[in-house]
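First comes the structure, then the notes that go with it.
The values are calculated or read from the model by the stated rules, or taken from the named source; none is laboratory data. On a predicted model such as this, the values are computed, not experimentally measured, just so you know. Backbone-built Cβ (ideal geometry, glycine too); neighbour counts: all protein chains shown. Areas reflect the complete protein model, heavy atoms only, side chains present, ligands, DNA and RNA absent. Shrake-Rupley method; radii C 1.70, N 1.55, O 1.52, S 1.80 Å.
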Amino acid sequence: MLREITLGQYYPVDSLLHRLDPRVKLAGTFLFLIALFIVNSWTAYIFLALVLLLLIKLSNVPFSFMVRGLKSVLFLLLLSVSFNLFLTPGKEIFRFYMFKISQEGLHIASMMAVRLILLVLSSSLMTLCTTPNELTDGMEKGLSILKKLHLPIHEIAMMMSIALRFIPILVEETDKIMKAQMARGADFESGGIVHKAKAMVPILVPLFVSAFRRAYDLALAMESRCYQGGEGRTKMKPLHYERRDYLSYLFLLTVLALSIGSRFLSLP
């Protein structure tokens with residue numbers, strides 16, 4: 001299951017989305033997430049799902065690889081759907097002892113599930129099409145206006161990029177530790193949720209030790225290369241907008257405008 005996490009990974013392939021400016025991909029992900037929380041009808045959700053499918057197609061990333069990332073948030077998805085399904089008051093349509101399902105709860109839970117799925121897929125698509133270096137450059141360049149407020153934009157972008165880069169590394173490290181524990185007789189599969197949670201405790205200590213060791217090695221490597229932050233640093237490949245980037249902005253703003261417009265229409 002740990003290897004199913006796609007967030008933070010980069011899928012090396014040539015595509016239109018890979019060639020876009022990282023600022024466009026960051027802004028596009030942000031605008032798509034805004035659209036997800038704005039819409040409130042099934043017609044609008046279907047429209048956003050079709051837009052996302054189009055982007056996945058243009059990215060040349062296999063759809064099966066994208067869907068794998070949903071397995072890592074399956075528990076969160078079920079938990080969110082269950083709370084909305086059983087705890088939302090309204091017109092009752094089904095009851096099993098103390099658990100009841102209302103018409104309003106079913107509507108909210110199904111929309112919440114679709115929203116969470118589209119959120120995970122869109123976020124994964126950004127990291128799959130953008131290298132950590134591009135993410136850092138895009139964040140720093142896109143938020144450069146905040147430097148006037150004396151905010152350390154370069155350092156913030158660097159920390160976020162390193163955090164994303166560490167996700168697949170820590171997942172791989174966790175997988176190695178689990179296999180080592182299983183070779184010594186540990187059981188992570190049988191038993192209930194409480195037993196599985198207790199079985200994960202022996203993994204946490206070596207995982208934290210490994211994470212701190214990697215962080216120390218990274219800090220030592222940056223200091224040995226005289227890294228002093230973003231002040232006065234130049235770029236090997238400066239970012240420049242091209243025609244496809246402006247067209248992408250136009251497309252994304254159109255999607256957002258249509259999503260906002262759907263709020264004022266009585267769509268099913």
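Worth pointing out:
- Which numbered condition I46 misses (of (1) assigned to a helix (DSSP H, G or I); (2) open to solvent by 40 Å² or more (accessible area, probe 1.4 Å); (3) among the β-branched types (V, I, T); (4) touching a residue at least 12 places away in the same chain (Cβ under 8 Å)): (4)
- Test: residue in the range 177-190 that is within 29 Å of Y11 (Cα to Cα), touching a Gly at 6+ places or on another chain (Cβ under 9 Å) and touching a residue at least 60 places away in the same chain (Cβ under 8 Å): no
- Residues within the range 127-137 that are open to solvent by 30 Å² or more (accessible area, probe 1.4 Å) and either farther than 20 Å from Y11 by Cβ or of a type outside the set (S, T, Y) (or both), tallied: 4
- Residue satisfying all of: in the range 196-206; of a type outside the set (A, V, I, L, M, F, W, C) and surrounded by 12 or more Cβ atoms within 10 Å (Cβ to Cβ); modelled with the highest pLDDT among these: P206
- Evaluation of M111 against (1) open to solvent by less than 40 Å² (accessible area, probe 1.4 Å); (2) within 17 Å of F30 (Cβ to Cβ); (3) not small (G, A, S) (one fails), failing number: (2)
- Of residues in the range 94-122 being modelled with pLDDT under 85 and of a type in the set (D, E, K, R), the one farthest from the chain's Cα centre (by Cα): R95
- Residue within the range 126-144 that is within 18 Å of M158 (Cα to Cα) and without any contact (Cβ under 8 Å) to a residue 24 or more places away in the chain present: yes
- Those residues of the range 149-185 which are open to solvent by less than 40 Å² (accessible area, probe 1.4 Å) and assigned to a loop (DSSP other than H, G, I, E, B), in sequence order: none
- Taken together, K25, K91, K57, K71 contain a single residue that is within 14 Å of the chain's Cα centre (by Cα) and open to solvent by 80 Å² or more (accessible area, probe 1.4 Å), which is K71.
- The residue of the range 145-176 that is nearest to S123 (Cα to Cα), among those that are without any contact (Cβ under 8 Å) to a residue 40 or more places away in the chain and among the β-branched types (V, I, T), is I156.
- For the range 138-147, a residue qualifies if it is open to solvent by 40 Å² or more (accessible area, probe 1.4 Å) and closer than 16 Å to V24 by Cβ, and the qualifying residues are K141, G142, L143, S144.
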